[in-house]
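K.L.:
A single structure is presented below for examination.
Every number in this text was worked out from the coordinates using simple rules, so none of it is lab data. Since this is a predicted model, take the numbers as computed values, not measurements. All Cβ positions, glycine included, derive from the backbone under ideal geometry; neighbour counts span all protein chains shown.
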Amino acid sequence: MTQIPFDKRDGKIWLNGEIIEWRDAKTHILTHALHYGSSVFEGIRIYDGKPFKLHEHLVRLKHSAEVLGLNIDYTLEELGEIATKQIELNGISNGYMRPFAWRGPEEMLIGGQKCTTNIAIAVWKTFEESRSKLREDGIRLTISNWIKPQKGSSPYTAKAACIYTIATMVKNEASLQDFDDAIMLDEKKNITEASTSNIFFVKNNELHTPYPDCFLNGITRQTVIALASQNDIKVYERFINQDEIESFDAAFLTGTAIEIMPIKCIVDKEFETTNELIKFISSEYSKLV
Ligand code: PMP
């Protein structure tokens with residue numbers, strides 16, 4: 001199915017307090033965010049007309065904005081109401097929501113302190129067919145040549161556009177080698193995360209996941225850890241070295257968009273994609289959403 005470009009779609013977008021036609025949601029090319037990456041965003045799944053973990057995502061949006069020095073003048077309650085209204089207005093039953101904030105065109109100097117903060121929320125329908133095949137087969141990962149910036153070198157707790165420049169390069173590097181995605185290591189060769197998702201490993205019916213000291217502690221990751229704890233499944237959050245990959249039975253990625261995604265292989269190490277613990281976590285996650 002060919003994708004309709006995002007600027008050629010129809011619907012309503014909420015922009016800076018107003019509801020406007022989808023195709024009218026334009027911004028000037030000399031916008032600070034376009035040049036310097038001064039924008040933050042969220043990705044929220046809509047299941048049966050309801051946004052999953054809306055509050056948690058909006059809290060993270062406000063946090064991300066604060067890290068970058070952007071002022072979002074709306075309260076969590078106001079943003080929540082606007083977001084819910086957007087779903088109704090666009091008649092979305094299963095889809096994706098993108099709230100985002102960015103520095104505007106008032107100034108082109110790097111500091112951008114005179115720039116106003118713009119904020120918008122867009123929602124659109126999503127189709128899951130392509131992912132269900134991947135979920136069945138398991139995703140194929142390589143290890144990226146890009147090293148995750150160490151703690152203190154990037155605003156890693158923020159879902160900020162600047163982080164995604166590397167994610168795009170990691171993903172495209174993997175595609176060129178015929179893999180679906182890649183994991184990034186830190187400078188000590190510890191595993192961090194994939195381009196836009198967190199990673200878990202399974203060994204002896206227990207979970208091991210990298211300690212999030214230089215990458216986003218995903219909301220799905222936190223949901224999986226909570227599900228495991230409610231079901232007496234042990235989770236070790238720790239530094240996991242690349243050398244340990246061989247020792248695990250199974251592995252999966254987590255993220256709002258990909259949910260729980262079994263991993264088929266990391267380079268030439270193959271994993272069990274039908275592992276019972278992964279099946280259990282997937283089914284508990286499905287019940288939640
Ligand atoms: N890491 C990165 C870099 C991401 O973009 C995402 C997706 N938001 C995640 C991890 C997973 O986060 P979440 O579970 O909150 O979607």
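K.L.:
Starting from the Kirkwood radius over alpha-carbon pairs of region 112-267, derive D by Stokes-Einstein at 25 °C in a medium of 0.890 mPa s and give it in µm² s⁻¹. Let's see the in-between values first.
P.N.:
Numbers: Rh = 16.6 Å.
After rounding, the answer is 148 µm²/s.
K.L.:
Say R0 is 30 Å: what FRET efficiency, to the nearest 0.05, do I29 and V67 get from their beta-carbon distance?
P.N.:
Taking R0 as 30 Å, the efficiency between I29 and V67 is 0.70.
K.L.:
With n ≥ 4 as the cut-off for DSSP H runs, can you work out [θ] at 222 nm for the chain, using -39500 (n - 2.57) per run divided by the number of residues, rounded to the nearest 500? Write down the numbers at each step before the final one.
P.N.:
Numbers: 7 runs with 84 residues, N = 289.
Per the formula, -9000 deg cm²/dmol.
K.L.:
Sum up the charges of everything whose Cβ sits under 12 Å from the Cβ of D181, counting Lys and Arg as +1 and Asp and Glu as -1, but leave D181 out.
P.N.:
Spelling it out: positives minus negatives among the neighbours equals -1.
K.L.:
For K148, give me every one of the lysines with a C-alpha distance below 19 angstrom, ignoring sequence neighbours fewer than eight places off in its own chain.
P.N.:
Leaving aside lysines fewer than 8 places away in the same chain, those within reach of K148 are K159, K171, K188, K189.
K.L.:
Rank S197, G138, T165 by how far each Cα sits towards the positive end of the charge dipole of region 113-198 (+1 on Lys, Arg Cβ; -1 on Asp, Glu Cβ) and give me just the farthest.
P.N.:
The Cα lying farthest towards the positive end belongs to T165.
K.L.:
Give, as a single signed number, the net charge of other residues whose beta carbon lies under 11 Å from the beta carbon of N204, with Lys and Arg counted +1 and Asp and Glu -1.
P.N.:
With Lys, Arg at +1 and Asp, Glu at -1, the neighbours total 0.
K.L.:
Continuing with this model, one more query. Cα-Cα pairs above 31 Å in the chain: how many percent?
P.N.:
Considering the chain, 31 percent of its Cα-Cα pairs are separated by more than 31 Å.
K.L.:
In a shell of Cβ-Cβ distance under 14 Å around L34, excluding L34 itself, what net charge do Lys and Arg (+1) and Asp and Glu (-1) give?
P.N.:
Working: positive: K26, R103; negative: E106, E107.
Charge balance near L34 sits at 0.
K.L.:
Another one. Using the Karplus curve 6.51 cos²θ - 1.76 cosθ + 1.60 with θ = phi - 60°, what ³J(HN,Hα) values do you get for each residue of region 146-152, in whole Hz, with x for Gly and Pro?
P.N.:
Per-residue couplings from phi come out as 7, 9, 4, x, 6, 3, x Hz.
K.L.:
Another one. Please work out the Cα center distance from region 86-109 to region 237-278, rounded to the nearest Å.
P.N.:
For region 86-109 versus region 237-278, the Cα centre distance is 33 Å.
K.L.:
Give me L207, L61 ranked fewest to most by other Cβ atoms within 10 Å of their Cβ, as a rough exposure proxy. Don't skip to the answer; put the middle values down first.
P.N.:
Numbers: L207 22, L61 26.
Listed from fewest to most nearby Cβ atoms, that is L207, L61.
K.L.:
Under 19 Å Cα to Cα from K203, which lysines show up? Leave out anything in the same chain fewer than 8 places away.
P.N.:
K234, K264, K269, K279
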